[in-house]
Every structure is written in C-alpha cells, then in structure tokens.
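Here is the structure we will look at.
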Amino acid sequence: MYVYDDFDEKFVRERAAQFRDQVERRLSGKLSEAHFRPLRLMNGVYLQLHAYMLRVAVPYGTLSSPQLRQLAMIATKYDKGYGHFTTRQNIQFNWPKLKDLPDILDDLADVGMHAIQTSGNCIRNVTSDQWAGVAADEVTDPRPYAELMRQWSSLHPEFSYLPRKFKIAITGAESDRAAIAFHDIGIQVLKNDAGEIGFAVYVGGGLGRTPMVGKKIRDFISLDDLLPYLVAILRAYNLEGRRDNKYKARIKILVHETGIDGFKAKVEKIFDGLEKDKLRAPAGEIERIQGFFDLPNYETVEPNPETLTKARSENAAFDSWVKRNVATHKQAGYAIANISLKPIAGIPGDATDEQMNLVADLAEKYSFGEIRVTHEQNLVLAHVKEKELFELWQALVPAGLATANIGAITDMITCPGLDYCALATARSIPIAQKISEKFADQKRQEDIGDLKVKISGCINACGHHHAGHIGILGLDKKGEEYYQITLGGSGDENAAVGEILGPGFSGDDVAGAIDTLVNRYVELRNETTETFLEVVKRVGLEPFKEALYANN
Amino acid sequence: MAKKLKGDQVLTGQLLREGDVVFLTEGGNWSLDLQDAKIATTPEKVEEFDLFIAQAEEANLVIDVYPFVVERDDTGKLIPSHIREKMRTTGPSIVYAEL
C-alpha cells in the first residue's frame, strides 16, 4: 500500500490546520456562511438533511487495518457508531458536528487520510478495480497509476475550479469492475505487442440526469504521455465546458455536443502544443510508487486444499458463501474474499464501528492487513489463503458480515436517498430493504443468478440506476414518492444505459414489481445459465412491460 | 425572502455548530421539536419570517433557514405537507447503526 512521504504528510497536516482556523472563524462569526460553505465543501463537509456529513477519501478504495480502525474510532467518538461506504469507494459519516470536524481531520491525518477533493468542482478521488493487483484477468495492477493521478490531481492549480466535478476511474482488467465507461475519464491499462504499458482512454461518460457511455478518445497512450494527455483533456474541458448551466456543465455534455471526433481534435491540438517534459512525472517516480504496490510475500500453499472441500461439503451456508463471495486469485492457493455489506433487509453500504474493527482485525490475520472498498458498497480481503477461508467465514458470521450475495439480486447499490440526502426526491434504502426481504431465500437468489439492481433517490443517480440490469429511480410526484423502473443497463465492459419500462410505482409496490420482472425473466430464459441481461437483449422490453402492466 | 407557499408555514433551519434541524418558536427561539413551531397563517405572517431569517444569519446560530408548509393530522399534531420535510423533521425512516 502507498504510504505518505513527508510531502504528503505536511500537505495534509497543513490543510487540517487551515480548516481548523476556518471553522473557528466561522463559529466566531468572522466568516459568513456564504464564505465558509465553499471552504467546508473543499474538505468534504456537506450540510445534509439532518446534520453535517463528512466524506472521507479512500484513494482507489484501498485501506490498511490501522486506517479502518481509525474510521471505526471516528464513528464511535464523533458519530453514531457507523459509517456508510459509497459508490466512489469512499466512506461517509452522517452525524458529525461542525465543532468536532477539525479534530476529525487531525485524526484522519494521523493515519494518512483526509477529505480533500471529496466534494466541489475538482478532480475527485480516483477509483479503481477492487481486485486490483490480484484479479486473475488483469494485465497489471492499475493502482500505481491511480496513485500517480492522485498526486498529480491533488490541489492542481489549473483544475481546482472546473465547470463541474470530475471523476476518473482506472482498471487493469478486461472485465470492468470499476465502471470506467460511466466516468468523466475512464482508463484501461493495456500492454502493447512490445510488452509496454499504455492506456486506452475513454471520455465523456457519466450518469445523472443525462446518462452517457464514455467514448474512446485514444486506443493507446504511453505511460510517459498519460499525465500530459489528461492535462490536454482537462484543459479542453476547462476552457469550453459550460459554466452557465450546472446541468450542462459536465464534460459528457461538451463531448456529446462537440462529437467525439471534434472533441478529440481539440484535445490533440492542445496535447501537441504542450511542453510534455514539464508535465510528466519525475524520472523514477512511477517506479517509486510501484514499490508500494508490490504484492505481499505469498506462501507456497496447496490450491483447493482438502480442508476447504471438506468444509464446503459439510456446511451448505459456507459453500454458498464461497460460490458467491469468493473470486479467483492470481496466486495459486489464495482467494479474493468479498465481504458483503448488504445483509438481508439491512442498509446497503453501512458498517458499524464494531464491524469495521472486526474487518480490520481479520485483514491483519488473513490478508496482509489490507482492505478494499468496492464501488458496489462492499469490502474485500484480497489475499486470503484458501485453507483459511472457512475460519474467516466463521468469524464473519456472528458479525452479520457473511451474507452470500455478491453480484446477486440482494447486493444492490443504493444511494442514501431521502433518509439522509438534502438533494433526494425519494427514499432509496427502504426500497432496497423490501426487495432484499422479498428475495431473501438463498436458493431463489442462486437460481436467479447474477442480477444487478441499483437504486437512486433522485435524478443525480448516485445509486447508478441507469447502469442497473434493473434500475430504480425515486421521484417526487406532488409531494409523494414514486419510482420509475428501467431495464437493460450495465456498468461493466458492455456498458449500457437502461430504458424506462413505463409508468412508475408507489414505494409499497416496487418490490412486487421487481418480483414480477424476475419471475418473467425466469419464464423467458432458455436455460438457467442465460442471464437476466442476456434475456433482456434477446427479447427486448415488451415481455417485461406486458408482465408489469398487463392488468392496468 | 420567504416564499409565499400555499398553506400554513413554519420556519426551519439547522444549528451552525451541531447541524441539528430546528424550528422557529413563538418566542423567537429555535426548538428541536416541530410542535413548538411558530405558525404563519397569512401571507403577511409569512413575510415576517424574513426578519427572522436575517436575525438568524446575524446571530450566527442557525443556517440554511427557509419556510415550509405544514398541516395538522387527525390528532391535531403539526406535520409537514411534503415528504421531504416529513423526512427531515422525523429523521431517517430506517433503523441504523445496528448489526
């Protein structure tokens, strides 16, 4: 894992001290709310529906055990004993007091963390594949490049006041687990025929009220040219992105209105004119960063050991968990253990302080002290010996962390919605809970197979509903909540925006509607291996519309 | 300026230091309980909220101050008319921070 150097440490401490001074001046009245608001937002502090909210950056979703313990401590000491993991691999605290926030930022700095650029019209936390470095289908670990971009984008003087927020995601694998097509810039790490590292670059993707799938702007940019090329894209956007209308200010609108060819021409022109040597990382920097991401010292252990096979045959619940939550690791004898934060009828993405402490301990015991946060609001222990999976699972069960549903219908991305969010138009969490209860039966979930349901409580789409195989969007109709359902979205390498099925449903009727859709899918599939998305592609929306609306 | 929304209105904001949701009372203080709220029943009374908004800013105690529409339920209790304000007044509708 990357560890702060003196420069990082000083920079974060200085920002915490500045924020302490700003809060003191605000509380004493020397700063007005109008002046203070942009300052607090630059430090991840929002004013939400019931309280302040602090969003803490988890760069590319990687945490150490001491960092997770510190987050648990903050939840205990300053909040209500829990935190919420977000779709950008960050964590949010829902109840901090303004007067405590300077102390919280100091506590974060103690473990090399901060909340800088988790809000505002700047380059946000760079996200990545939660299985980075260990995925069997990976070209190379994308995190060193994500870290390079973190360093480059932190307080970047040219890009701190963009027309709108700017999100970058990077993956090193063919299977896109980072939803790169729905980011302002999406990057896929590649190797060319000569074995050199380079990057396919996508631009103009995004969700929100105008969902767009990113378009490829470069097939292969060299490592040397990565930062200069990002500068060229951001400069083109900074110069020509709309500042007159916040709803049209994202780069996706500029790319859409200019056309990818026109936008690429602008970017390439800027790129050609750059003094690239001045924009590249210093010699040796990427190698220095890569040193922090060396894989741990794996032991030589027997793959698929007898003890694992035996435990699976003797314990059906453990077997379900291995099938659903454990993924193939690059290293023989090791596994990727995904920890679901979607207990049946629970709150998607929430973790209590006790759960965070337990996961931190288990990471130290079984996974080299490292934890990953996924954009689907779950956690990952990325380096677990297969022979220790049963022990790990036994420790997770009593803490409510062993739900066997990764990628299944109850593993829903869900935004905080109107239970917390000041922008929301409807609640999301209770909808997720009702759906989770409806599909609680493990056998039924396993029969349905992979099915991604994503729920947003407003058109801003923090719950990625456009990218859901089934998407649910909560809206306000004359002061009451109602929900639109979309079908056919996808956030992976075959990214697609879902289509609206028809008239919306009341909150009480959504889970039943999803049940109807799933039953229709089961009737329509040719064999049990034909996925929900494959069926939607084959038969279109009509059979699903008919099932939902035939009686109305 | 206070918006002239249809119906009876109360004035709400959030405490600067804590962030808690509060409501303006008849006595000009801020209460955590909606039932304590001063109710404006005429456009003129709603207009008077402007003064309290300015005072709140001046006093540096309450932020993000705005009025919203309320009604009474069958028991005579004040309730917000709109789902957003209902949620904001009652807190999250879910049980949180539990395993």
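Restricting to Cα pairs below 8 Å that are 6+ residues apart, what does the relative contact order work out to for chain B? Please round to a whole percent. It would help to have the intermediate numbers written out before the result.
Details: 152 pairs, mean separation 29.9, N = 99.
Result for chain B is 30 percent.
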| task | For the range A:476-509 and the range A:105-141, compute the distance between their C-alpha centroids and round to whole Å. | result | 30 Å
| request: Compute the FRET efficiency between A:LEU239 and B:GLU48 as 1/(1 + (r/R0)^6), taking r as their Cβ-Cβ distance and R0 = 51 Å, and round to the nearest 0.05. | output: 0.60
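Can you quote the Å³ per residue value for the convex hull of the Cα atoms in the range A:176-314, rounded to an integer? Mind showing how you got there, number by number?
On the way: hull volume 27.0 nm³, N = 139.
In the range A:176-314, the Cα convex hull volume per residue is 194 Å³.
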| note | Long-range share for the range B:56-99, i.e. C-alpha pairs more than 12 Å apart as a percent of all pairs, stands at 72 percent
| query | Hey, how many Å between the Cα centroid of the range A:164-228 and the Cα centroid of the range A:356-393? | reply | 28 Å
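Once every DSSP H run of n ≥ 4 in chain A is given -39500 (n - 2.57) and the sum is divided by its residues, what mean residue ellipticity at 222 nm do you get, rounded to the nearest 500 deg cm²/dmol? Mind showing how you got there, number by number?
Numbers: 19 runs with 206 residues, N = 552.
The per-residue figure over chain A is -11000 deg cm²/dmol.
Hey, with R₀ at 35 Å, roughly what FRET efficiency would A:LYS276 and A:THR76 work out to, going by the Cβ-Cβ distance, to 0.05?
Numbers: r = 48 Å, r/R0 = 1.38.
The pair A:LYS276/A:THR76 has a calculated efficiency of 0.10.
All other residues with a Cβ under 11 Å from the Cβ of A:SER320 taken together, and with Lys, Arg as +1 and Asp, Glu as -1, what is their net charge? Intermediate results must be reported in sequence, preceding the final value.
Working: positive: A:ARG312, A:LYS323, A:ARG324, A:LYS443; negative: A:ASP319, A:GLU446.
Taking every other residue near A:SER320 into account, the sum is +2.
Given contacts defined as C-alpha pairs under 8 Å and at least six residues apart, what's the relative contact order of chain A, whole-number percent? Don't skip to the answer; put the middle values down first.
Numbers: 1173 pairs, mean separation 70.2, N = 552.
This gives 13 percent for chain A.
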| said: On a straight-distance basis, which lysines could pair with A:LYS310 in a cross-link, Cα separation under 20 angstrom, same-chain partners fewer than 8 positions away excluded? | reply: A:LYS323, A:LYS385, A:LYS387
| task | Using Cα pairs closer than 8 Å and at least 6 residues apart in sequence, work out the relative contact order for the range A:306-399, in percent. | result | 30 percent
| Summing -39500 (n - 2.57) over the DSSP H runs of n ≥ 4 in chain B and dividing by its residue number, what mean residue ellipticity at 222 nm do you reach, to the nearest 500 deg cm²/dmol? | -8000 deg cm²/dmol
| query | Out of every Cα-Cα pair in the range A:306-399, what percent are more than 17 Å apart? | reply | 47 percent
| task | Only bridges with both residues in chain A count here: give the DSSP antiparallel percent, nearest 5. | result | 80 percent
| request: Determine the distance separating the Cα centre of the range B:65-82 from the Cα centre of the range A:417-433; give it in Å without decimals. | output: 20 Å
| Partners for A:LYS97 among lysines (Cα-Cα distance below 30 Å; same-chain residues under 8 apart left out) | A:LYS10, A:LYS30, A:LYS77, A:LYS80, A:LYS165, A:LYS167, A:LYS246, A:LYS342, B:LYS3, B:LYS38, B:LYS77, B:LYS86
| field | Rough spin-label spacing in nm, given labels placed 7 Å along Cα→Cβ, for A:VAL3 and A:ASP294 | value | 1.2 nm
| field | Net charge over other residues, Cβ less than 11 angstrom from the Cβ of B:ASP8 (K, R count +1; D, E count -1) | value | +3
| Straight-distance crosslink candidates among lysines, where the alpha carbon sits under 18 Å from A:LYS545 and sequence neighbours closer than 8 are dropped | A:LYS537
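Any read-out appearing in this document is the output of simple, stated calculations on the displayed coordinates, not a laboratory observation. Just so it is clear, the structure is predicted and the values come from calculations on it, not from any experiment. Using ideal geometry, Cβ is built from the backbone for each residue, glycine included, and neighbour counts are taken over all protein chains shown.
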